[in-house]
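The values are calculated or read from the model by the stated rules, or taken from the named source; none is laboratory data. Just so it is clear, the structure is predicted and the values come from calculations on it, not from any experiment. Every residue, glycine as well, gets a Cβ built from its backbone with ideal geometry; the counts of neighbours run over all protein chains shown.
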């Protein structure tokens with residue numbers, strides 16, 4: 001009975017074992033004292049723990065250096081997976097690692113985390129890092145031979161290429177064998193590059209092979225890969241770098257083709273939803289409305305309705321509703337007891353919609369300049385939307401100084417519904433519209449308004 005009791009205690013202690021993540025950043029970063037630990041699940045980050053960064057003078061490779069160090073406890077209930085520590089509130093400041101029921105510790109330079117990280121503890125991470133370093137050097141040799149031949153097709157480097165490729169294959173097979181039963185095994189397998197059997201002499205053939213074989217080793221149904229940044233990084237590389245053109249029109253076409261290829265690889269509807277949202281947010285950075293609309297219309301809106309995030313959709317629609325290329329949101333107003341709608345105005349070829357206020361000193365300087373500039377522009381009409389707390393000053397000013405314009409009163413100032421729809425955060429704010437009320441420019445100042453029309 002005693003032996004059984006001891007055995008049960010041993011099993012219980014193993015099951016509830018708590019592991020740690022320790023890090024040393026050298027040099028210590030300024031303006032940040034916190035480390036946040038996340039578990040990566042699909043394209044999302046799930047909070048696990050946080051701690052502060054402590055300053056210390058430590059010995060690194062025999063030298064005393066001022067560094068930051070931290071230690072985080074991983075809850076005993078935490079699952080094996082890909083994890084991330086964030087150490088800055090802004091920018092891509094993070095370190096990704098694998099956790100598989102063992103302590104993890106590492107040293108890194110916070111300004112170059114990916115290039116500088118060195119794992120001191122964790123067999124999983126040591127093995128994966130060793131693999132990445134070894135395979136990268138071997139692959140660079142293959143690539144350098146291939147590039148040399150592409151630059152000079154007369155070079156006879158076939159035997160060199162075969163030897164270099166054989167070395168890559170040998171390293172890949174070696175680490176696949178070593179990593180069996182390890183958490184990192186699927187990542188090593190999925191990282192395989194499909195090098196052609198022989199060296200290629202045409203850039204078109206090289207790019208065609210790269211695109212056609214890019215996903216050969218990737219398994220989009222593997223949950224281990226899905227719950228990491230590995231697949232999303234591969235997707236980003238394929239969409240933004242493998243499919244690249246200097247020509248804007250061609251680039252848009254390549255984006256659509258690459259997105260179709262990527263999304264067609266994903267069977268899981270929930271993961272597909274996560275990836276599409278992730279890609280929409282990536283294109284958000286460059287305000288590529290055409291591709292964002294393409295992703296919504298062709299993929300997101302065709303997901304099962306219970307998977308579509310209505311809040312996500314409404315936020316994105318609101319975010320881009322007044323970007324260049326969009327139809328300006330409609331609103332109505334009265335002039336001399338007659339109701340006007342922005343969408344049905346037809347008295348000009350172009351319109352300048354300006355949000356201003358009689359309590360804004362910049363406006364009182366720029367609005368008269370705009371009025372003077374527009375006096376002889378018969379094909380341009382101004383819609384002056386005044387954001388006011390009351391109508392008293394505005395009525396007198398607009399009747400006296402803004403003759404010939406469409407003058408609109410917007411009460412409640414910054415809380416005005418129309419100004420909030422247009423995301424107006426300062427006055428004056430300008431929008432140039434074509435005759436169909438499509439936004440064609442968003443000048444910053446009066447000089448930019450003049451420059452736009454003088455150029456056109």
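Couple of notes before you dig in:
- Residue-level check: of (1) modelled with pLDDT under 95; (2) closer than 17 Å to residue 232 by Cβ, residue 317 misses just (2).
- Residue in region 418-426 that is farther than 30 Å from residue 286 by Cα and assigned to a loop (DSSP other than H, G, I, E, B) present: no
- Out of 63, 28, 39, sole residue that is crowded, with 17+ Cβ neighbours inside 10 Å and modelled with pLDDT under 90: 28
- Unmet requirement for residue 406, which otherwise passes all of (1) more than 42 Å from the chain's Cα centre (by Cα); (2) closer than 22 Å to residue 421 by Cβ: (1)
- Condition broken by residue 203, with the remaining ones in (1) out of contact with any strand residue (DSSP E or B) (no Cβ under 9 Å at 6 or more places or on another chain); (2) within 30 Å of residue 186 (Cβ to Cβ) satisfied: (2)
- For region 180-194, the criterion of a residue being under 26 Å from residue 265 (Cα atoms), without any contact (Cβ under 8 Å) to a residue 24 or more places away in the chain, under 32 Å from the mean Cα position of the chain (by Cα) and surrounded by 16 or more Cβ atoms within 10 Å (Cβ to Cβ) is satisfied by at least one position.
- Residue list for region 110-129, filter: more than 23 Å from the chain's Cα centre (by Cα) and touching a residue at least 12 places away in the same chain (Cβ under 8 Å): 117, 118, 119, 120, 121, 122, 123, 124, 125, 127, 128, 129
- Residue list for region 266-281, restricted to those being surrounded by fewer than 18 Cβ atoms within 10 Å (Cβ to Cβ), touching a helix residue (DSSP H, G or I) at 6+ places or on another chain (Cβ under 9 Å) and touching a residue at least 12 places away in the same chain (Cβ under 8 Å): 268, 278
- The conditions of being within 13 Å of residue 333 (Cβ to Cβ), in contact with a helix residue (DSSP H, G or I) (Cβ under 7 Å, 6 or more places away or on another chain) and crowded, with 19+ Cβ neighbours inside 10 Å are not met by residue 416.
- Residue ID - modelled with the highest pLDDT, chosen from residues in region 3-25 that are within 20 Å of residue 79 (Cβ to Cβ) and not in a strand (DSSP E or B): 18
- Out of 319, 387, 370, 345, sole residue that is in contact (Cβ under 8 Å) with a residue 24 or more places away in the chain, surrounded by 13 or more Cβ atoms within 10 Å (Cβ to Cβ) and closer than 30 Å to residue 254 by Cβ: 319
- The strands (runs of 3 or more DSSP E) found entirely in region 314-406 that carry 1 or more residues being closer than 24 Å to residue 455 by Cα are 350-356, 380-388.
- Residue pairs meeting the criteria (Cβ under 9 Å; at least 6 apart or on separate chains; first over 21 Å from residue 33 (Cβ atoms), in region 50-62; second at pLDDT below 80): 59/65
- Residue count for region 238-288, restricted to those that are within 12 Å of the chain's Cα centre (by Cα) and assigned to a helix (DSSP H, G or I): 11.
- Members of region 115-124 that are closer than 20 Å to residue 28 by Cβ and in contact with a strand residue (DSSP E or B) (Cβ under 8 Å, 6 or more places away or on another chain): 116, 117, 118, 119, 120
- When we screen 287, 311, 334 for residues that are modelled with pLDDT under 95 and under 25 Å from residue 422 (Cα atoms), the only hit is 287.
- Here is the figure for region 232-252: residues that are surrounded by 13 or more Cβ atoms within 10 Å (Cβ to Cβ) and under 21 Å from residue 292 (Cβ atoms) total 11.
Table: residues versus (1) assigned by TED's automatic domain parsing to the domain that holds residue 440; (2) touching a strand residue (DSSP E or B) at 6+ places or on another chain (Cβ under 6 Å).
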site: 269; (1), (2): no, no
site: 276; (1), (2): no, no
site: 302; (1), (2): no, no
site: 316; (1), (2): no, no
site: 336; (1), (2): yes, no
site: 350; (1), (2): yes, yes
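- Residue 432 surrounded by 13 or more Cβ atoms within 10 Å (Cβ to Cβ), in the same structural domain as residue 354 (by TED's automatic domain parsing) and not in a strand (DSSP E or B): no
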